[in-house]
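Single-structure report; data block below.
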2 protein chains.
Amino acid sequence: MKKDSYHHGDLANELLAAALKIVERQGADAVSLRDLAQNLGVSRAAPYRHFPDRDALLAAVAARGFEDLVEAYESVLADRELPGAEVLRRGWLVYLDFARRRPGLFQLMFDSDFLGRDKPPKVMVPPADRAYHLLWEGMRRAHPQADDATIKMRTATAWSTIYGYIALDRANRFKTFMIRPLSREAVAKAVLAASC
Amino acid sequence: MKKDSYHHGDLANELLAAALKIVERQGADAVSLRDLAQNLGVSRAAPYRHFPDRDALLAAVAARGFEDLVEAYESVLADRELPGAEVLRRGWLVYLDFARRRPGLFQLMFDSDFLGRDKPPKVMVPPADRAYHLLWEGMRRAHPQADDATIKMRTATAWSTIYGYIALDRANRFKTFMIRPLSREAVAKAVLAASC
DNA sequence: CCTTTAATGTTGTCGGCGCTCACATTGCGG
DNA sequence: CCGCAATGTGAGCGCCGACAACATTAAAGG
């Protein structure tokens, strides 16, 4: 692959892969285009041939995160035999596991305001939209007879609870006034109970 | 106040006030010690006489945010006549209002990982702890006969829901797959219902 | 009242960063 | 085979946080 010469060959993908690693291990703030370029043996200006700016690279990383998340969630939905409530429960566990295993990436995906901007990065809109749709889908499986407004309402509150729990736990907020944080299972159970 | 000469007079407080304004209007990322110094008519190095580094200044801003939040929450708890459930509901509204009116500050207080560090900044630990304690206090008022473990559990889940809703709404996450976000009242109501 | 001392502010400097521009090299399609 | 677009280079700009050496002032104590 590497020509070991003027042209790198696959710089765009390697930049993305390297940035993804940094994001997962140290968080998005630790991503430096200069660092990345140097580590890939390329000049500091080279990355700008593939990504207009730093945010574009991070958006691409976030998009990939959404794709992974969607894939995991879809594997839960794929089992048409599973009872609706169990689909919902396992779906939340997918989120909790993702957030626990790849905290930096999760934070980039949901805490960065890419999607709240006037012009959200086009690479991450489709996978992000798909991820949201799957939440709705899971809730619909759990409540087949509920009307759309109810499903949306329940999805919003349950998703808020899960997301909030993840964020608060990540920041060690529970340690200060609780004996210890709740287990993943306990949270999924509580949310599930609240959405029924 | 201003001597218009070598010594500024109250640089520490003015730095804090100026930083607070920036945080509220543009978010913590927009805070630059150099900018602050210049706007206060002082040299770039002067701020370092009062705050060891940028994080220390931001921590002080966050601490002040917690103090304001505590004050608002305490005014709810102060009314001993109020029914417990109403105390709880108004308490959550305090959080929702604070987050809506001062989003940058709220984000600095809860999304920054100051409190998750090995050595959290000592200025913000007491007010932050107090804020958490008040949540517990509010929940206890709503459920006087519940045991401590139950109260903690309910506080954790309700707090997760509120916090998650704030974060998701702030980032415009609901717009994408919902018709429109829920009203503050609806969220408070849903959380209240879930904690009873 | 004067001197010493600690507090406070200044200038200069370093390294790191994102980003841009003019230029160099390469690979590919006509 | 050639020309052009894609890709990589090096230099440089402005911004930033942080530190060190030095200047000025306020306050404390004789």
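Backbone N atoms of the range B:116-156 closer than 13 Å to the 7 Å Cα→Cβ label point of B:A12 belong to residues B:123. Overall, the anisotropy analysis places chain B in the prolate class: the square-rooted eigenvalues a ≥ b ≥ c of its C-alpha gyration tensor yield a/c not less than 1.5, with a/b exceeding b/c.
Under unit Cβ charges (Lys, Arg +1; Asp, Glu -1), what dipole magnitude, rounded to 20 debye, does the protein assembly as shown have relative to its Cα centre? Can you show the working numbers first?
Numbers: 58 positive and 50 negative charges, 41 e Å.
Computed about the Cα centre, the dipole is about 200 debye.
Relative to the other identical copies, A:N39 shows label-point distances of 3.5 nm, where the label point lies 7 Å from Cα along the Cβ direction and values run shortest first. Over chain B, Cα pairs under 8 Å with separation of 6+ residues give a relative contact order of 22 percent. For the range B:98-109, 3J(HN,Hα) computed residue by residue from phi via the Karplus equation (6.51, -1.76, 1.60; θ = phi - 60°) reads 4, 5, 6, 7, 9, x, x, 5, 4, 5, 4, 5 Hz, glycine and proline entered as x. Lysine pair count for chain A with Cα-Cα distance under 28 Å and sequence separation of 8 or more or different chains is 8.
Among B:Q145, B:Q107, B:Q26, which one shows the highest mean-square fluctuation when chain B is modelled as a Gaussian network with alpha-carbon springs under 10 Å? Of B:Q145, B:Q107, B:Q26, the Gaussian network model singles out B:Q145 as fluctuating most.
Each label was represented as a point 7 Å from its Cα along the Cα-to-Cβ direction; for A:K189 and A:S75 these points are 2.5 nm apart.
In terms of its Cα atoms, the protein assembly as shown spans 65, 60, 36 Å along the principal axes, sorted from long to short.
With unit charges on the beta carbons (Lys and Arg positive, Asp and Glu negative) and the dipole taken about the Cα centre of the range A:55-194, which residue among A:A128, A:M153, A:A78 sits farthest to the positive side? Working it through, the farthest residue towards the positive pole turns out to be A:M153. Distances between copies at B:E67, taken between label points 7 Å from Cα along the C-beta direction, are 4.9 nm in increasing order.
Per residue, the solvent-accessible area of the range A:55-194 (1.4 Å probe, heavy atoms of protein chains only, all protein chains present) comes to 43 Å².
The values are calculated or read from the model by the stated rules, or taken from the named source; none is laboratory data. In this text the structure is predicted, and so the values were computed from the model without any measurement. Neighbour counts run over all protein chains shown; Cβ positions are idealised from the backbone, glycine included. With ligands, DNA and RNA removed, areas are computed over all heavy atoms of the protein, side chains included. Shrake-Rupley method; radii C 1.70, N 1.55, O 1.52, S 1.80 Å.
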